[in-house]
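Participant: Submitted below is the structure of interest, expressed as structure tokens.
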Amino acid sequence: MSRRTRSRIALKRRARAPLFAALGDDTRLSLVAKLCRGKPRSISQLTRGSKLTRQAITKHLRVLESAGVVRSVRSGRESLFEFHPEPIGELKKYLDLVSEQWDQALSRLKSFVER
């Protein structure tokens, strides 16, 4: 593998890290699940039923927004947050690739052991 290819792969890996970090929190995963249901929601709607304050929910939403998983849109005086699925799709492709590589490695190991 060329140095340029390795560098490109490393850049892509670093670009995924913030998304994995953003999704690595129970509260943020819960917010993503709520937003996946379709319609944009306000911070007060997302806070309902939670023990967290609006400020805490807002901080979590900002992390998700900086990772590209949610978008905020203004509606009058409030911000509405909506799910943005493309980064999750990219992660799925990446995880499918990693899974395929592991399957191949395990297959090679099995062949080696069975000799």
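The values are calculated or read from the model by the stated rules, or taken from the named source; none is laboratory data. What you are looking at is a predicted structure, and each value in this text was computed from that prediction instead of being measured. Reconstructed Cβ throughout: ideal geometry from the backbone, glycine too, with neighbour counts over all protein chains shown.
Participant: Out of (1) touching a Leu at 6+ places or on another chain (Cβ under 9 Å); (2) surrounded by 10 or more Cβ atoms within 10 Å (Cβ to Cβ); (3) modelled with pLDDT under 95, what's the single condition that is false for K39?
Facilitator: Of (1) touching a Leu at 6+ places or on another chain (Cβ under 9 Å); (2) surrounded by 10 or more Cβ atoms within 10 Å (Cβ to Cβ); (3) modelled with pLDDT under 95, only one is false for K39: (2).
Participant: Looking only at residues in the stretch 70-84 that are under 19 Å from L31 (Cα atoms) and without any contact (Cβ under 8 Å) to a residue 40 or more places away in the chain, which one is surrounded by the most Cβ atoms within 10 Å (Cβ to Cβ)?
Facilitator: My answer is V70.
Participant: Could you tell me which of the residues L80, L106 is part of a strand (DSSP E or B), at pLDDT 90 or above and aliphatic (A, V, I, L, M)?
Facilitator: Being part of a strand (DSSP E or B), at pLDDT 90 or above and aliphatic (A, V, I, L, M) holds for just one of L80, L106, which is L80.
Participant: Still on this structure, please answer the following. If I go through the stretch 60-115 residue by residue, how many of them are touching a Lys or Arg at 6+ places or on another chain (Cβ under 6 Å) and of a type in the set (V, I, T)?
Facilitator: The total comes to 0.
Participant: Is it true that some residue in the stretch 42-58 is on the phi > 0 side of the Ramachandran plot and either touching a residue at least 24 places away in the same chain (Cβ under 8 Å) or not in a helix (DSSP H, G or I) (or both)?
Facilitator: Looking for residues that are on the phi > 0 side of the Ramachandran plot and either touching a residue at least 24 places away in the same chain (Cβ under 8 Å) or not in a helix (DSSP H, G or I) (or both), one finds at least one in the stretch 42-58, hence yes.
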